[in-house]
Amino acid sequence: MTLLESIAQELQILAMAPPPPPPGQDQGTADPRLRNGRNVGGYSERLDPAVSSLTSRSGPILSKDGKPLRPFTLLDNRQRLQQGVFRPDHSLPTMTIDEYLEEEKKRGGIIDGGGEQSGIRPEPNEDDLEKADEETMKARAWDEFKEDNPKGSGNTLNRG
């Protein structure tokens with residue numbers, strides 16, 4: 001039964017179709033957009049512009065409303081494009097270690113001294129009694145601190 005219904009619907013659709021053009025008339029002229037084989041009113045079945053318009057290098061790249069009028073490349077040559085694609089993922093160093101250390105010394109980021117030289121104490125001047133008394137008082141204060149605060153008597157977390 002459904003086949004008969006679908007055939008009846010198809011006959012109704014075919015009855016509403018426009019009549020075919022007379023055999024003497026050219027079928028291409030029936031469409032006003034294709035008159036004389038020319039592009040009338042900006043209509044074209046092509047999806048891309050003609051190759052000649054792509055290769056022309058004259059005129060502006062963008063229209064006044066910001067739409068591109070022709071293809072363009074952001075970089076100046078193919079080699080720079082390839083260098084941008086085929087390069088390491090990490091940043092490469094721009095200076096050697098020695099150059100970096102020189103720059104840090106100029107900025108004041110490196111402290112001189114340390115190492116073996118920092119362990120060598122300058123010999124005290126025997127004639128400077130004030131300096132000797134100051135060092136003696138400092139050593140006595142440290143001894144008293146050590147006696148008052150024996151090792152391990154710091155924060156005991158309230159256990160004693």
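Below are the figures for this structure:
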| quantity | calculated |
| --- | --- |
| Filter result for Gln83 (surrounded by 10 or more Cβ atoms within 10 Å (Cβ to Cβ), at pLDDT below 80 and of a type outside the set (A, V, I, L, M)) | yes |
| In region 68-80, the residues that are loosely packed, with under 11 Cβ neighbours inside 10 Å and free of Cβ contacts under 8 Å to residues at least 12 places away in the same chain | Pro68, Phe72, Thr73, Leu74, Asp76, Asn77, Arg78, Gln79 |
| Out of Ser52, Ser91, sole residue that is surrounded by fewer than 10 Cβ atoms within 10 Å (Cβ to Cβ), among the hydroxyl-bearing types (Ser, Thr, Tyr) and modelled with pLDDT under 80 | Ser52 |
| Condition met for Leu101 (of a type in the set (A, V, I, L, M, F, W, C), farther than 30 Å from Asp48 by Cα and surrounded by 10 or more Cβ atoms within 10 Å (Cβ to Cβ)) | yes |
| Matching residues, region 114-160, being basic (Lys, Arg) and not in a helix (DSSP H, G or I) | Arg121, Lys151, Arg159 |
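The values are calculated or read from the model by the stated rules, or taken from the named source; none is laboratory data. Since this is a predicted model, take the numbers as computed values, not measurements. Methodologically, a virtual Cβ is constructed for each residue, glycine included, from the backbone with ideal geometry; neighbour enumeration extends over all protein chains shown.
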